[in-house]
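*Asks:* Got a structure for you, written out below as structure tokens; questions coming shortly.
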Amino acid sequence: MTLRPLLELAYADDSFRALAAAATAPDGGSAHASPALQPYLIAALADDPEALGGSPVVVVAPDDVGARDLARELSAYLAPRRAIKTTGSACAI
């Protein structure tokens, strides 16, 4: 089962639109979100054509275990697209 349909809720939200605009700004912006929301927001940004959709995305986690867990969580939102844990504490979408 994929969680992809939940991403549509983010795309319609004004706060998410502001986050997407900040993410695509030249300085990249910064944002703080609850750890429970981070995989959802990262997946939505990575998938949204008006944000980072279609571009490769590398996300750095605090440690190897965090990167592995994040890759699994991102894959649940982005299926059939996959996130993979890369070297160290990063994952790539």
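The values are calculated or read from the model by the stated rules, or taken from the named source; none is laboratory data. Being a predicted model, the structure only gives us computed values, none of them experimental. Note that we place each Cβ from the backbone using ideal geometry, even for glycine, and neighbour counts take in every protein chain shown. Keep in mind that these areas ignore ligands, DNA and RNA; they rest on the heavy atoms of the full protein, side chains included. Shrake-Rupley method; radii C 1.70, N 1.55, O 1.52, S 1.80 Å.
*Asks:* Sequence-distant or interchain residues sharing an amide H contact under 5 Å with Ala61, placed H: which?
*Replies:* Sorted by chain and number, the residues that satisfy this are Ala90, Cys91.
*Asks:* Continuing with this model, one more query. Quick check: at a probe of 1.4 Å, how many percent of the accessible area of the chain sits on carbon and sulfur atoms? It would help to have the intermediate numbers written out before the result.
*Replies:* Numbers: 3410 of 5590 Å².
Heavy-atom surface of the chain belonging to carbon and sulfur, 1.4 Å probe: 61 percent.
*Asks:* So, for the chain, what is the accessible surface per residue at a probe of 1.4 Å, expressed in square angstrom?
*Replies:* 60
*Asks:* What list of ³J(HN,Hα) values in whole Hz, one per residue of region 27-32 in order, does the Karplus curve 6.51 cos²θ - 1.76 cosθ + 1.60 (θ = phi - 60°) give from phi, with Gly and Pro shown as x?
*Replies:* So the J values, rounded to whole Hz, are 8, x, x, 8, 8, 10.
*Asks:* Same structure again: First select every other residue whose beta carbon is under 14 angstrom from the beta carbon of Ala61; then total the charges, Lys and Arg +1, Asp and Glu -1.
*Replies:* -1
*Asks:* Another question, then. Output the relative contact order of the chain, whole-number percent, from Cα pairs under 8 angstrom with separation of 6+ residues. Each step should come with its number before you reach the end.
*Replies:* Numbers: 120 pairs, mean separation 27.6, N = 93.
In percent, rounded to a whole number, it is 30.
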